[in-house]
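What follows is one structure encoded as structure tokens, with my remarks underneath.
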Amino acid sequence: MQVLQIKPLEQVCVDQERLAALYSQLGTSGAEDVVCRALEELALRMSHCDRLYRKQSWPDLRKNTRSLIAIADQIGMQKLSQVARDVTHCIDAQDKNALAATLSRLLRIGERSLTAIWDMQDITI
């Protein structure tokens, strides 16, 4: 028997206009500070999402995921923000199968989004 492992791959993008506005408002060092803190917070919250899911702590998972939305929006991670919204909808609908799939998607997109924005830091906005 042959087992096929599917590795979904989605394009992620960072809203360049959102980042440019952030740099314009805060200056280079201020914006870099905000982006770095946001990336650290996103990484921590995504890890926390996984732990909360495993504990089946749905209200805490919803709260944590909602905070991901605000942080992702702040630094232009639109896809991450949208998938986090989808996770909250699954929690609200009490659809555990959809939640498992959507949370996995959130973590995949989150990882790729973090990598994308780190890669962009070498580029001057």
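Can we say Lys79 is of a type in the set (D, E, K, R) and in contact with a Cys (Cβ under 9 Å, 6 or more places away or on another chain)?
Against the criterion (of a type in the set (D, E, K, R) and in contact with a Cys (Cβ under 9 Å, 6 or more places away or on another chain)), Lys79 qualifies.
Conditions (1) closer than 18 Å to Trp118 by Cα; (2) surrounded by 11 or more Cβ atoms within 10 Å (Cβ to Cβ), marked per residue:
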site	(1), (2)
Val3	no, no
Gln16	yes, yes
Thr65	no, yes
Ile75	yes, yes
Ala98	no, yes
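Only one of (1) charged (D, E, K, R); (2) surrounded by 13 or more Cβ atoms within 10 Å (Cβ to Cβ); (3) touching a residue at least 24 places away in the same chain (Cβ under 8 Å) is not met by Asp60, so which one is it?
(3)
Of all residues in region 87-122, which are closer than 15 Å to Val14 by Cβ and part of a helix (DSSP H, G or I)?
Ile109, Gly110, Glu111, Arg112, Ser113, Leu114, Thr115, Ala116, Ile117, Trp118, Asp119, Met120
Consider Ala70 against the criteria (1) within 16 Å of Asp15 (Cβ to Cβ); (2) surrounded by 15 or more Cβ atoms within 10 Å (Cβ to Cβ): it satisfies all of them except one. Which criterion is unmet?
Here Ala70 clears every test but (2).
Give the residues of region 71-86 that are of a type outside the set (Lys, Arg), under 11 Å from the mean Cα position of the chain (by Cα) and outside any loop (DSSP other than H, G, I, E, B), sorted by residue number.
Ile71, Ala72, Asp73, Gln78, Leu80, Ser81, Gln82, Val83, Ala84
Which of (1) touching a Leu at 6+ places or on another chain (Cβ under 9 Å); (2) surrounded by 20 or more Cβ atoms within 10 Å (Cβ to Cβ); (3) touching a residue at least 60 places away in the same chain (Cβ under 8 Å); (4) not aliphatic (A, V, I, L, M) is the odd one out, the single condition Lys79 does not satisfy?
So Lys79 meets the others, but not (1).
Scan region 28-38 and give yes if some residue there is of a type outside the set (Ser, Thr, Tyr) and either loosely packed, with under 12 Cβ neighbours inside 10 Å or within 28 Å of Gln94 (Cβ to Cβ) (or both), otherwise no.
The answer is no; no qualifying residue exists.
Filter region 9-30 for residues that are in a helix (DSSP H, G or I), in contact (Cβ under 8 Å) with a residue 60 or more places away in the chain and of a type in the set (A, V, I, L, M, F, W, C); which is farthest from Leu103 (Cα to Cα)?
Per the stated criteria, the residue is Ala20.
Being of a type in the set (Ser, Thr, Tyr), in a helix (DSSP H, G or I) and crowded, with 18+ Cβ neighbours inside 10 Å is the requirement here; does Ser47 meet it?
no
No lab work stands behind these numbers, since they all come straight from the coordinates. All figures in this text were calculated on a predicted structure; none of them were measured in a lab. In this analysis, Cβ positions are derived from the backbone assuming ideal geometry, glycine residues included, and neighbour counts consider all displayed protein chains.
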